[in-house]
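Working notes, beginning with the structure itself.
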Amino acid sequence: MRKIRFISIISIFMAAILALAGCGAQNQSSSTSKNGKLTHLSIGYQQGIPLLTTVKQQGKLDARLKKMGIKVSWHQFSSTSDMMNAVGVSNGIDFGGGGATASIFAQASGKKFVKVAAQDWIVHGSAILVRADSPIKSVADLKGKTIAVAKGSAQQYLLVSALKQVGLKYSDIKPLYIQPSEALAAFKKGKQFDAWAIWDPITAQAQASVKSRVIADNGSVFGKEASLQTAPYYFSTPSLVKSHPEVVKIILDELTKAGVWAKKDPEASAKLLSKAYNSDYNIMLTEEKRAGSRKIVPITNQLLSMFQTQADTFYNLKVVPKKIDAKDKNYNWNYKAEK
């Protein structure tokens, strides 16, 4: 099976040209217009947010926009941070989807983008794992232990929240900042760290290859809000939402339909995704079965309050260089603040 590659979310601060060099973008301008009419749309997708891949593979969005005279080009990225770097730049993308944390870094760095929707997502696939033979039985046992985690990721936020839940501080553990591909190899050998904060499909891959136990996951840490606490967001260029809001609505409509289909038939969804990613079917099936409702939800006060908590957490950890305002209307489409 082809290895899944990840790049640290910290790379949001890399120059956009470096991100684009590896994304496979064609020599076309993003959001090409002719006499005010949109003729070309570039969409970014990645393995970590499979619903966009489903829409791509189904081809229904391309066919729908073709009737409107719009050609769609799809560009695959290895991380949300690289995708965020490519939003709105020459040869970049007009629309994409990814984890909330990358959006936090992008906003902190002054990147111009607009969150247009979020997705009800994984409840149990984002987890803290230990090997089956580990003496660690609960999160409280992590005190003084070395925990593998990708810096600036949703799993770092999960780890901080899990520790807080049992009265521990982040300073009570020894974080080992390591990327998932390296961590998986180390986890199999039982070396370098005592526990691992990780996300699907790597969680499913680790569970399939190593006898392990989950000591905490999104569900146990965030309860009823689990599927939205680390929800992925869909984002667009400001120019696309301003000049062609109907196109954004069509994309979200196709994402909604794809989500309903995947929820209804996880086996078919896993088959489609395993083929698209050249990945193991059983791994994808595990992810799909615990992928939540997949509902596309609007930007709400509740979502942005969660987004703000994440942003403040990373600022306090000195991972993000400046505070952001999650409810800044410049970064949120159709958001109406609650009084």
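The values are calculated or read from the model by the stated rules, or taken from the named source; none is laboratory data. Nothing here was measured: the structure is a model prediction, and the numbers come from that model. When we count neighbours, we look across all protein chains shown, and the Cβ atoms used for this are built from the backbone with ideal geometry, even at glycine.
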Please go through the stretch 225-257 and give me each residue that is among the β-branched types (Val, Ile, Thr), buried (at least 21 other Cβ atoms within 10 Å of the Cβ) and closer than 20 Å to residue 293 by Cα, ordered by number. 230, 251
Candidate set: the stretch 105-134, residues that are out of contact with any Leu (no Cβ under 7 Å at 6 or more places or on another chain) and among the hydroxyl-bearing types (Ser, Thr, Tyr); chosen: the one farthest from residue 229 (Cα to Cα): 134
Does residue 222 satisfy the condition of being farther than 15 Å from residue 126 by Cα and touching a residue at least 40 places away in the same chain (Cβ under 8 Å)? no
For residue 131: the one exception among (1) assigned by TED's automatic domain parsing to the domain that holds residue 201; (2) under 15 Å from the mean Cα position of the chain (by Cα): (2)
Residue by residue through the stretch 137-172, note down the ones that are in a strand (DSSP E or B) and not hydroxyl-bearing (Ser, Thr, Tyr). 147, 148, 149
Filtering the stretch 69-88 down to residues that are touching a residue at least 40 places away in the same chain (Cβ under 8 Å) and more than 17 Å from the chain's Cα centre (by Cα), which residue is nearest to residue 233 (Cα to Cα)? 88
Here, helices (runs of 4 or more DSSP H) confined to the stretch 230-339 with at least 2 residues that are at pLDDT 95 or above and acidic (Asp, Glu) are 245-264
What do you reckon, is residue 260 surrounded by fewer than 16 Cβ atoms within 10 Å (Cβ to Cβ) and aliphatic (A, V, I, L, M)? yes
Residues 154, 185, 162: which one is closer than 27 Å to residue 232 by Cβ, touching a strand residue (DSSP E or B) at 6+ places or on another chain (Cβ under 7 Å) and not assigned by TED's automatic domain parsing to the domain that holds residue 318? 162
Scan (1) touching a helix residue (DSSP H, G or I) at 6+ places or on another chain (Cβ under 8 Å); (2) assigned to a loop (DSSP other than H, G, I, E, B) for the single condition residue 134 breaks and write down its number. (1)
Being farther than 19 Å from residue 310 by Cβ, without any contact (Cβ under 8 Å) to a residue 12 or more places away in the chain and not aliphatic (A, V, I, L, M) narrows it down to one of 135, 180, so name that one. 135
Against the condition closer than 30 Å to residue 242 by Cα and among the β-branched types (Val, Ile, Thr), how does residue 128 come out, does it pass? no
Output the residues belonging to the stretch 89-128 that are more than 21 Å from residue 309 (Cβ to Cβ), more than 13 Å from the chain's Cα centre (by Cα) and small (Gly, Ala, Ser). 90, 92, 110
